[in-house]
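The values are calculated or read from the model by the stated rules, or taken from the named source; none is laboratory data. Note that the structure is predicted; figures quoted are calculated from it, not measured. Quick reminder, even Gly has a Cβ in these numbers, built from the backbone with ideal geometry, and neighbours come from all protein chains shown. These area figures cover heavy atoms from the full protein model, side chains too; ligands, DNA and RNA do not enter into them. Shrake-Rupley method; radii C 1.70, N 1.55, O 1.52, S 1.80 Å.
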Amino acid sequence: MTYLAKPKIHHPSLPRNALGYTHRDYEGAISTLCAGCGHDSISSAIIQAFYEMDVEPHRVAKLSGIGCSSKTPTYFLGNSHGFNSVHGRMPSVLTGAALANRDLIYLGVSGDGDSASIGLGQFAHVMRRGVNMVYIVENNGVYGLTKGQFSATADKGSKSKRGVVNSDEPIDLAMLALTLGATFVARGFSGDKEQLIPLIKAAVAHRGAAFIDVISPCVAFNNHPGSTKSYDYVREHNEAVNFLDFISPRAELTTSYAPGDVRSIVMHDGGTIRLRKVGDAYDPRKRAAAMGYLEARAEAGEVVTGLLYLREDSADMHDALDTIEAPLNALSDADLVPGSKALDELNASLR
Ligand SMILES: Cc1ncc(C[n+]2csc(CCOP(=O)(O)OP(=O)(O)O)c2C)c(N)n1
Ligand code: SF4
Ligand SMILES: [Mg+2]
């Protein structure tokens, strides 16, 4: 593959965020994905979200598995930590990293093949453990990298590019994340950055397992009539349950909506998520209702997007395990070798 270096120079008057960084400081290498791939739009939403949130790039660790989707961390946050793991194994690597250093923002990026097939077990356990992370699945309903086989998220009855009909029931990863105990569950569409960027910001501000299923059409293998993961299908069947804004802790709450139409939820980092209702009075704080709604709308062939569920009093794996605050690499010998008296006491407590 040809390696294309991205030019480092940029216009001196590019806008800068509160840290003095430009958008370019949050970019990565030039993408080698197919032109028009939904995954590239998700990368650009991630870049925008972290730029607008004034996150220092070295505070982020991005991890992925294998697939076109899992290649994308090369194309964003080029100044952050990165680990491209094995197919379906990103969640356990992320869990280990999060245990060792709770100071970083963990961003797991995966595909529907990576998470719903080979990595389904890992997906389940990282959600139920409440690992503090943002977990994004770039969901195109196919194995893009290996040339278009149906994945486990392809809808029953949908057609492959060659006209083969999928006979298996789909796995709805958002529904699964709800069942497994994720405390933030959302669905976005790569073609709707206005919705996706605030969803990513709110997920970063959330403490606990935050999952975003992003429908991301594969233009090479799954963007034809008969596919339910094509741009046209999602645009025609997209049902947003809410419109949202994320306001960082430092920003003033300026926009005003009619009272009764908007709900503000303060996130863990002090930021505020503002949800503007559309249609029915959908309340994202009710898990069982969210599951019923998702099921009913899926039966009607609709793709429900927006913030689907948020548990306001969420906790994470570190709360459950009562782990030490400091990153393990910052511990001194005195912390790590407490001496024979402490060991004797520990042994005595186990007798
Ligand atoms: C252990 C293992 N099994 C199978 C493969 C082959 N393989 C590579 S990517 C992939 C599927 C990728 O699909 P998905 O996660 O949906 O990513 P996409 O390319 O669609 O973004 C498969 C089966 C592999 N790399 N490793
Ligand atoms: S094969 Fe599909 S998923 Fe992979 S880069 Fe091309 S359009 Fe994107
Ligand atoms: Mg895929």
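Numerical summary
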quantity: Qualifying residue in the range 161-179 (condition: within 16 Å of ligand 2 (Cβ to nearest atom), of a type in the set (D, E, K, R) and modelled with pLDDT under 95); calculated: yes
quantity: Residue count for the range 322-351, restricted to those that are open to solvent by 90 Å² or more (accessible area, probe 1.4 Å) and either touching a residue at least 12 places away in the same chain (Cβ under 8 Å) or hydroxyl-bearing (Ser, Thr, Tyr) (or both); calculated: 2
quantity: Residue count, the range 186-224 (criterion: out of contact with any Cys (no Cβ under 9 Å at 6 or more places or on another chain), within 16 Å of ligand 2 (Cβ to nearest atom), of a type outside the set (A, V, I, L, M, F, W, C) and open to solvent by less than 20 Å² (accessible area, probe 1.4 Å)); calculated: 2
quantity: Within the range 119-154, tally of residues that are crowded, with 21+ Cβ neighbours inside 10 Å, in a loop (DSSP other than H, G, I, E, B) and more than 16 Å from the chain's Cα centre (by Cα); calculated: 5
quantity: Residue in the range 67-89 that is closer than 27 Å to Glu325 by Cα, among the hydroxyl-bearing types (Ser, Thr, Tyr) and within 16 Å of ligand 3 (Cβ to nearest atom) present; calculated: no
quantity: Residues of the range 225-265 that turn out to be at pLDDT 90 or above, open to solvent by 30 Å² or more (accessible area, probe 1.4 Å) and assigned to a loop (DSSP other than H, G, I, E, B), as a count; calculated: 2
quantity: Test: Gly181 is open to solvent by 20 Å² or more (accessible area, probe 1.4 Å) and either acidic (Asp, Glu) or within 16 Å of the chain's Cα centre (by Cα) (or both); calculated: yes
quantity: Filtered residues of the range 117-143 (kept if near ligand 3 (Cβ under 9 Å from one of its atoms) and in contact with a helix residue (DSSP H, G or I) (Cβ under 6 Å, 6 or more places away or on another chain)); calculated: Val137, Glu138, Asn139, Tyr143
quantity: Pairs, first under 19 Å from Ala97 (Cα atoms) in the range 133-146, second near ligand 1 (Cβ under 8 Å from one of its atoms), C-beta under 8 Å, six or more apart; calculated: Tyr135/Ser110; Ile136/Ser110
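Per-residue answers, yes or no, for (1) touching a strand residue (DSSP E or B) at 6+ places or on another chain (Cβ under 8 Å); (2) in a helix (DSSP H, G or I); (3) modelled with pLDDT of 95 or more:
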position: Ile9; (1), (2), (3): no, no, no
position: Gly20; (1), (2), (3): no, no, yes
position: Gly36; (1), (2), (3): no, no, yes
position: Ala49; (1), (2), (3): no, yes, yes
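A quick yes/no check of all residues on (1) open to solvent by 10 Å² or more (accessible area, probe 1.4 Å); (2) among the aromatic types (Phe, Trp, Tyr); (3) modelled with pLDDT of 95 or more:
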site	(1), (2), (3)
Gly65	no, no, yes
Tyr75	yes, yes, yes
His81	yes, no, yes
Arg89	yes, no, yes
Ile105	yes, no, yes
Gly108	no, no, yes
Ser117	yes, no, yes
